[in-house]
Amino acid sequence: MNYLLTLLATKPGTHHQAKTVNDWLPQAKLRGEYLACWVSDLGLVGQVLLLHGYKDAATMNEDRNTLALSDQRYGLDDGLAGVTSYGCTAMPG
């Protein structure tokens, strides 16, 4: 199994928009399985962590590119300060 872990950072004063990411995800039409969305309200406020699962790395990378080139910006528009994504593969055993 492959996983795409995406960390979104919102700009100061826009952390209330972070909850809109969950509403935006269905229209993104990603091919991976949506596993989780966490929004921080303590510590680093406005951090959003997304987790998607994939059967193969090629599909994961295609979705990653789709998200990177999207003009929708995760439904956050101008409130998005940064995006970091990690592709991970589960190790056997």
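The values are calculated or read from the model by the stated rules, or taken from the named source; none is laboratory data. These numbers were taken from a predicted model, which means no experiment stands behind them. Here Cβ is always computed from backbone atoms with ideal geometry, including for glycine, and neighbour counts include all displayed protein chains. Accessible surface areas use protein heavy atoms only, side chains included; no ligands, DNA or RNA. Shrake-Rupley method; radii C 1.70, N 1.55, O 1.52, S 1.80 Å.
Does D71 fit the bill of being open to solvent by 90 Å² or more (accessible area, probe 1.4 Å), farther than 30 Å from G93 by Cβ and touching a residue at least 40 places away in the same chain (Cβ under 8 Å)? Criteria not met by D71.
Once the range 53-85 is narrowed to residues that are β-branched (V, I, T) and within 11 Å of the chain's Cα centre (by Cα), the residue that is nearest to N2 (Cα to Cα) is T84.
Does T84 count as polar (S, T, N, Q), touching a helix residue (DSSP H, G or I) at 6+ places or on another chain (Cβ under 8 Å) and in a strand (DSSP E or B)?
Judged against the criteria, T84 is not a match.
Criterion first (outside any helix (DSSP H, G or I), modelled with pLDDT of 80 or more, surrounded by fewer than 16 Cβ atoms within 10 Å (Cβ to Cβ) and touching a strand residue (DSSP E or B) at 6+ places or on another chain (Cβ under 9 Å)) does L50 satisfy it? Spelling it out, it is not the case that L50 is outside any helix (DSSP H, G or I), modelled with pLDDT of 80 or more, surrounded by fewer than 16 Cβ atoms within 10 Å (Cβ to Cβ) and touching a strand residue (DSSP E or B) at 6+ places or on another chain (Cβ under 9 Å). Within the range 34-47, the set of residues being free of Cβ contacts under 8 Å to residues at least 40 places away in the same chain, open to solvent by less than 70 Å² (accessible area, probe 1.4 Å) and closer than 15 Å to L5 by Cα comprises A36, C37, V39. Within the range 1-33, the set of residues being assigned to a strand (DSSP E or B), touching a residue at least 40 places away in the same chain (Cβ under 8 Å) and open to solvent by 20 Å² or more (accessible area, probe 1.4 Å) comprises Y3, L5, L7, A9.
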